[in-house]
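As structure tokens, the structure follows; a few thoughts come after it.
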Amino acid sequence: MVVAFLTDYGLRDDFVGICHLVIERAAPGTRVVDLTHAIARHDIRRGALALRRAARVAPAQVVLLAVVDPGVGGERRAVAIRAGERFLVGPDNGLLLPAARALGGAAEAVEISNSPHRLTPVSATFHGRDLFAPVAAVLAAGAPLDEVGDTIDPASLADLELPVGRILAVGRAEAHVVDIDTFGNITLDLDDPRILTEIVRVNGRRAAAATTFADADPGALLIYIDSSGALALAVNQGSAADALELKPDDEVTIQWTP
Amino acid sequence: MVVAFLTDYGLRDDFVGICHLVIERAAPGTRVVDLTHAIARHDIRRGALALRRAARVAPAQVVLLAVVDPGVGGERRAVAIRAGERFLVGPDNGLLLPAARALGGAAEAVEISNSPHRLTPVSATFHGRDLFAPVAAVLAAGAPLDEVGDTIDPASLADLELPVGRILAVGRAEAHVVDIDTFGNITLDLDDPRILTEIVRVNGRRAAAATTFADADPGALLIYIDSSGALALAVNQGSAADALELKPDDEVTIQWTP
Amino acid sequence: MVVAFLTDYGLRDDFVGICHLVIERAAPGTRVVDLTHAIARHDIRRGALALRRAARVAPAQVVLLAVVDPGVGGERRAVAIRAGERFLVGPDNGLLLPAARALGGAAEAVEISNSPHRLTPVSATFHGRDLFAPVAAVLAAGAPLDEVGDTIDPASLADLELPVGRILAVGRAEAHVVDIDTFGNITLDLDDPRILTEIVRVNGRRAAAATTFADADPGALLIYIDSSGALALAVNQGSAADALELKPDDEVTIQWTP
């Protein structure tokens, strides 16, 4: 079973590498796929959304290991979850549940703060190394869930309220910036393709309904269904985030002629 | 067989991680080596040069998976190529052919837009995930080339005109900036070691012919044969690109006393 | 055996990817864990400290491959070291010895500049590719140490003087900035928990003795034992390095009420 690994650690330090090493130590031969380590520091929502995207293309045998953990060393629980045949490991702060839901829902869960597989003494600030990485490793190697922690009620797991766009009236919708990629492309929390009509305005600005970037002139704003299946905004050979001055969670008004 | 993976996706998003996950899903156990994901956005030439460098040290069993794809979702073909016992997968925009040539030339090719191994529906903007990654995975797992796409004529593959430096006269050459690394070292499109004489001028500036950085004083400009076998410029403990104010593809005049 | 890989190459170029490819070529199937490639250019001390951190959590079967090599192509030796059952490979400039010591000390060593496993011709500037990577690969695949180079005296290996903080008197200590992570957290070269009393001043500024970040108010300076077991400084949801205007190797005065 492979471990898919997501954090907000960045790649300027050796935090990620140390976790890889601990996984190898806990279960030699475990393969690890790095999903991303560039989640903005402490941004649980962005982490949860990226983890959910990964869940949607996940292989049948996988442990999703995610660490975006502003409450490390505090009261929040550390958990491992089973969803179907897959597992999720991380802090119980809402990071894991949207992905678990995409995998069919949390069927079983354990609290792992005192896991027999933890590295002792567990530091107060680096649970990725001391708790989450070794537990993910032994799950990937086949350990049963109830051997890595103490059973808890899956219904007690922390959930996350994700923004939801909505159609207010025919020809008018309210959406939010879910994500901005490195090219300035904006994913919205709306996926209704009926909006893609001949005349669309985004925050008052004309946007061309398109299938792909090359459909629009360089510099033109376009609205399209992106690779996650959501409505998205882009500027061909430019940045929609810059053009519209938008940042994550900002509200966006969309008008169209049905 | 290992997959060697190069893109312009960057590491700030999860594009690369998602492709890794799709490879694992398409052919569990496939190993992936990341070559680089920091090719400048849409810079096919820089991507082709890096892929060719990789081809020159490639193991006997490898699939080179490369995605620098400004035309994604448009007319350009998506292809898989066999060169000797190795494979290349990516957009048919010139990115692949210099590397294929370094591996002995494209012997067979297929168009993979309707590959049975693609993820459906194929998105218009993320062919790395939906097309290239799964096809590379099954090739690495041993699938025959004609099973992953429709046979096309290798002679029809898009090629790339790469810059070529030349000696204009004894003591005078014209070259171009092929690549600038993160330290500001400049690779030129010239490899004649006879230029490395006692008095060399680069764009009028004196450069010390050297074997390695430590041969020159800190801050001094040096000209040497770099690790790719090409003539190169560096400043010991500094940046030649800054010192000479050069960027990729710029022309450089070299004079020397034979 | 796994190869754990640390360099100052960065991820903007393909140096790291090329080394991965060479490892695969030299010993197909070798697994590689990237520790970090973001050591500041030529900063042997920072590299040595990171490698030592890795050594402390290293699995039983590992080759630590480290390249921070300002003297590449010059006089410094290229070496492979055995420490217990583990190996270290890199330039003989002090980078390796603190980690070797953490693994029980250098038991055997060889000079590898003329290793039969090197790629020829060895370039003057990229020993990572031509020397260190292939030698690490064959060691990981089980080659005996004396087959990859010429035996040298382990006592002749270059060592590194690392800063050492000290308690000057009861209530007064002098320390140094060992490392600053991407969040601005500062590791000091002192690990005496008796300093963590009710009133602590760092360079005259009040710091709250804490177990983890959440123990202090946002913006407050805190002093704690970090995940490496050392005394450290942080600002909750901020940067201690910015707040105290400190950089690596700077001296820090700590006062406390015993």
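The values are calculated or read from the model by the stated rules, or taken from the named source; none is laboratory data. Being a predicted model, the structure only gives us computed values, none of them experimental. Cβ coordinates were reconstructed from backbone atoms using ideal geometry, including for glycine residues, and neighbour counts include every protein chain displayed. For the accessible areas, the whole protein counts, side chains as well, though only heavy atoms, and no ligand, DNA or RNA atoms are used. Shrake-Rupley method; radii C 1.70, N 1.55, O 1.52, S 1.80 Å.
Name the long-range amide H neighbours of B:Ala106: under 5 Å, sequence gap of 5 or more, or other chain; modelled H, no Pro or chain starts. Residues meeting the amide H criterion: none. Note on the stretch C:21-161: percent of Cα-Cα distances in each 10 Å bin, starting at 0 and stopping at the bin with the largest distance, equals 13, 49, 36, 3.
Once you have the alpha carbon radius of gyration of the stretch C:51-134, what is it after dividing by 2.2 N^0.38 Å, with N set to its residue count? Display every interim value, and only then the final one.
Values: Rg = 12.4 Å, N = 84, 2.2 N^0.38 = 11.8 Å.
My calculation over the Cα atoms of the stretch C:51-134 gives 1.05.
According to the Kirkwood expression over distinct Cα-Cα pairs, how big is the hydrodynamic radius of the stretch A:114-158, in Å? Each step should come with its number before you reach the end.
Numbers: mean 1/r = 0.0883 Å⁻¹.
With all distinct Cα pairs of the stretch A:114-158 included, I get 11.3 Å.
What FRET efficiency comes out for A:Ala155 versus A:Asp215 if R0 is 56 angstrom and r is the Cβ-Cβ distance? Round to the nearest 0.05. Given R0 = 56 Å and the Cβ-Cβ separation, E is 0.75. Above 16 Å, the calculated P(r) of the stretch B:38-96 contains 42 percent of its Cα-Cα pairs.
Mean per-residue shielding of peptide B:30-38 is 6, counting Cβ atoms of other chains within 10 Å of each Cβ.
Hey, what angle do you get for helix B:15-26 against the long axis of chain B, alpha-carbon based, 0 to 90 degrees rounded to 10? Tilt of helix B:15-26: around 40 degrees. The calculated Kirkwood hydrodynamic radius for the stretch B:97-138 is 11.5 Å, given to one decimal from all distinct C-alpha pairs. For chain B, the longest principal axis of the C-alpha atoms and the axis of helix B:44-56 are separated by about 90°. Remark on A:Val33: its backbone amide H falls under 5 Å from those of A:Val3, A:Ala4, A:Phe5, a criterion applied only to residues 5 or more positions apart or on other chains, H modelled at 1.01 Å from N. Distances between equivalent label points of B:Asp146 across the copies, with each point positioned 7 Å along Cα→Cβ, amount to 5.5, 5.5 nm, shortest listed first. Given the stretch C:206-258 reduced to its alpha-carbon atoms as identical point scatterers, what log10 I(q)/I(0) does the Debye formula return at q = 0.23 Å⁻¹? Those come out to -0.95, one per q. Label-to-label distances for C:Val164 across copies, nearest first, come out at 6.4, 6.4 nm, using points 7 Å from Cα in the beta-carbon direction. Closest approach of any chain B Cβ to the axis that rotates B onto C belongs to B:Leu11, 4, distance given in whole Å. Each DSSP beta bridge with both residues in chain C is either parallel or antiparallel, and the antiparallel ones are about 70%. Phi angles across the stretch B:123-128 convert, under the Karplus curve 6.51 cos²θ - 1.76 cosθ + 1.60 with θ = phi - 60°, into 3J(HN,Hα) values of 5, 7, 10, 9, 5, x Hz, Gly and Pro given as x. Restricting attention to the protein assembly as shown, close to 70% of DSSP beta bridges with both partner residues there are antiparallel.
Across the copies of the chain, B:Gln255 has label points (7 Å from Cα along Cα→Cβ) spaced 6.5, 6.5 nm apart, shortest distance listed first.
Taking only protein heavy atoms into account and a 1.4 Å probe, give the accessible area per residue of chain A in Å². Walk me through the numbers before you get to the answer.
Values: 9870 Å² over 258 residues.
Accessible surface, normalised per residue, equals 38 Å².
Percent of Cα pairs in the stretch C:6-50 per distance bin of 5 Å, from zero to the largest separation: 5, 23, 25, 20, 17, 8, 1.
For the stretch B:147-216, the extents of the C-alpha atoms along the principal axes are 57, 31, 18 Å, listed from largest to smallest. Once Rg and the Kirkwood radius are both taken over the C-alpha atoms of the stretch C:82-194, their ratio Rg/Rh works out to 1.11.
Could you order the peptides B:88-95, A:251-258 from most to least packed, using the average number of other C-beta atoms within 10 Å per residue?
Numbers: B:88-95: 25.6, A:251-258: 15.4.
Result, highest mean first: B:88-95, A:251-258.
What share of Cα pairs, in percent, lie more than 22 angstrom apart in the stretch B:161-257?
Numbers: 709 of 4656 pairs.
It works out to 15 percent of all Cα pairs.
Using the Cβ of B:Pro134 as centre and a radius below 14 Å, the other residues enclosed give a net charge of 0, where K and R count +1 and D and E count -1.
Couplings 3J(HN,Hα) for the stretch C:213-230, derived from phi with the Karplus relation 6.51 cos²θ - 1.76 cosθ + 1.60 (θ = phi - 60°), are 4, 5, 6, 10, 5, x, x, 7, 7, 10, 10, 7, 8, 8, 6, 8, x, 9 Hz, where x marks Gly and Pro.
Volume per residue for chain C equals 132 cubic angstrom (convex hull of Cα atoms). Spread over its residues, the convex hull of the C-alpha atoms of the stretch A:1-103 is 94 Å³ per residue.
Please work out the Cα convex hull volume for the protein assembly as shown and give it in Å³ per residue.
Working: hull volume 133.4 nm³, N = 774.
Measuring per residue, one finds 172 Å³ for the Cα hull of the protein assembly as shown.
The B-C contact accounts for roughly 2300 square angstrom of buried accessible surface, both chains included, probe 1.4 angstrom. Residues whose amide H falls under 5 Å from that of A:Val79, counting only those 5 or more places apart or on a different chain, are A:Gly90, A:Asp92, A:Ile112, with hydrogens built in the peptide plane.
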